[in-house]
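These notes are about the structure you will find just below.
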Amino acid sequence: MHIVILGAGQVGASVAESLASENNDITVVDNDQDRLAHLQDRLDLQTVVGNAAYPSVLASAGLEDADLLIAVTQSDQTNLVACKVAHSVFNVPARIARLRARDFLDSEKLLLPENFAVDYALCPEQVITEYIARLIDFPEALQVLHFAGGRLVLVAVRAYAGGLLVGSPIKEMRNHLPPEIDGRIAAIYRREGAITPTGETIVEDGDEVFLLAAEEHIRAVMRELRRSVEPVQRVMIAGGGNIGLRVAQALEGKCQVKLIEVNRRRAEFVATTLKSVLVLSGDATDEELLQQEAIDDMDLFLALTNDDEDNIMGASLAKRMGCKRVAALINRRAYADLVQGGPIDIALSPAQVSIGTLLTYVRHGDVAQVHSLRRGAAEALEIVAHGDQKTSKVVGRRIADLPEIRGAFIAAIVRDLAATDDLNLFRLGMKKQTGRVLIAHKDVVIQTDDHVIIFCLDKKVVKQVEQLFAVGLHFF
């Protein structure tokens, strides 16, 4: 695909890196020449310096030949104008815009082709808010991801000594679980290296383990690796910006929340917006303030300011002062890789969390969901199988008989997926799904319309996976 990306910030750079690695023809537009030079030094792509809303700049980026426009600058107005110009002037088939203001996000009419012509609106702040809300539901987890509308849950946890399965081969998990419960260890990361688990693989203390199970069974499977943690009841948030405010609003009424904002005027605004959250004007790296607000009684500390260094310092200090669990919003990947697993339990990257929703839209074939794992090092795909034995390489075949793709494997299948009227699964209005979850054993036969969950431990094999599931006129 020929893809034009507007904006070379954290989101734009992460998208460019992911798509450039898949042999797409990428052009990135930004006002900042230094940012573009840095991207061009690392990636095989073209760059154009200029205002992303100007038709002349878009023409220089080759928009007339583009298959997709991804407008992810910091300005909603620029992104909207660019999409409109791409549609009206250059006839670009697909257009994605990053939008932050609710005025735009809440108005479907504004985004229609006759208006701003946005096919898909991405709001990283809302995506990270939903992500944090799921982490609070699973306080033991490092990452929580949903597939098939929530029927299947993937949870990353740190294995600790004392867990039932720690020090034992994976095949023994079956002996600990009731017959009606099935789950799978889909991947293990040990000392930054990926391990494709087999029944003989022994789980070690400190492993980062990805568990996959039906939504109603995931907690039982998690108990194999570590003891349960008390539910989160008390949360302290550092930062009252867009993300901090959204998270506080999502938790309001569910937890006892305190929010610290260094800018007094912003703190006053946040205090008037929130009903039951205690808003404090101060510095979250102030040891005396944290002590006064009983940081040692908090179940979770969320450092969500716009400054990576402040977030790292605040979260580290909160942990040292007795907070049970701390998470920090960190935009720079080098920082995130450095601090997670040390004093900071979870490093949150808005770009990496939100990129999955964007990749879902970009991927070829019938890709229903894409989740980025290990800060972009791997991916989990949900692909809908179509066709029959004559037109598909997978339908009607046992998993054991499928062509082997090194670095990729099928982890689970959701069959007979259908929506019900049970709302609010993710506390954000999504419909709950019904469907049968099948953990992928070698004798399972893939059927038409199955939602197949595939792990790609190496992102280079994603294209091969998409081609395997592609439907053709015939293959024989």
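Partners of LYS393 within straight-line reach, counting aspartates and glutamates whose Cα lies under 18 Å from its Cα and excluding those fewer than 8 residues away in the same chain: ASP366, GLU382, ASP401, GLU404, ASP443, ASP449, ASP450, GLU466.
Nearest 20 debye, what's the magnitude of the dipole of segment 234-324 about its Cα centre given +1 on Lys and Arg Cβ and -1 on Asp and Glu Cβ?
On the way: 11 positive and 15 negative charges, 95 e Å.
About 460 debye.
Recomputing semi-axes √(5λ) of the Cα gyration tensor in Å from the coordinates shown identifies the correct label among (i) 41, 26, 22; (ii) 34, 33, 20; (iii) 36, 28, 20 as (ii). A simple spin-label model places the labels of ASP443 and LYS275 5.5 nm from each other, with each point 7 Å out along Cα-to-Cβ. Within a Cβ distance under 10 Å of GLY282, other residues only, what is the Lys/Arg minus Asp/Glu net charge? Within the 10 Å Cβ shell, the charges total -4.
Ordering GLY9, ALA141, PRO178 by the projection of their Cα atoms onto the charge dipole of the chain, which places +1 on the Cβ of Lys and Arg and -1 on the Cβ of Asp and Glu, puts PRO178 at the extreme positive end. Of the peptides 434-440, 95-101, 194-200, the ranking by mean beta-carbon count within 10 Å, highest at the top, reads 95-101, 434-440, 194-200. If only the Cβ of Lys and Arg carry +1 and only the Cβ of Asp and Glu carry -1, the dipole of the chain around its Cα centre is close to 680 debye. Neighbour counts of other Cβ atoms within 10 Å put PHE90, PHE147 in the fewest-to-most order PHE90, PHE147. Dividing the summed helix terms, -39500 (n - 2.57) for each DSSP H run of n ≥ 4, by the number of residues in the chain produces a 222 nm estimate of -8000 deg cm²/dmol to the nearest 500. Residues TYR120, TYR335, arranged from fewest to most other Cβ atoms within 10 angstrom of their Cβ, appear as TYR120, TYR335. Using θ = phi - 60° in the Karplus curve 6.51 cos²θ - 1.76 cosθ + 1.60, the 3J(HN,Hα) couplings for segment 79-85 round to 5, 5, 4, 4, 5, 5, 5 Hz; x is entered for Gly and Pro. The alpha carbon centroids of segment 242-288 and segment 77-94 are separated by 37 Å. Each of LEU43 and ARG223 was given a label point 7 Å from its Cα along the Cα-to-Cβ line. The distance between the two points is 4.5 nm. Taking the charge dipole of segment 269-371 about its Cα centre, with +1 at Lys and Arg Cβ atoms and -1 at Asp and Glu Cβ atoms, the residue from ALA315, ALA327, VAL367 reaching farthest to the positive side is VAL367. Shape class of segment 1-139 from the Cα gyration tensor (axes a ≥ b ≥ c, square roots of the eigenvalues): oblate, since a/c reaches 1.5 or more and a/b does not exceed b/c. For the peptides 280-288, 453-461, 148-156, residues were scored by their other Cβ atoms within 10 Å and the scores averaged per peptide; the highest-first order is 148-156, 453-461, 280-288.
What is the gain in length, in nm to one decimal, between ALA400 and GLU172 on full extension, counting 0.36 nm per residue of separation less the C-alpha to C-alpha distance?
On the way: separation 228, 0.36 × 228 = 82.08 nm, distance 2.18 nm.
Net length gain for the segment: 79.9 nm.
Only the coordinates and a few stated rules stand behind these numbers; no lab work does. Just so we're clear, the structure is a prediction, and the values are computed from it rather than from any experiment. Here the Cβ is made from the backbone with ideal geometry for all residues, glycine too, and neighbour counts use every protein chain on show.
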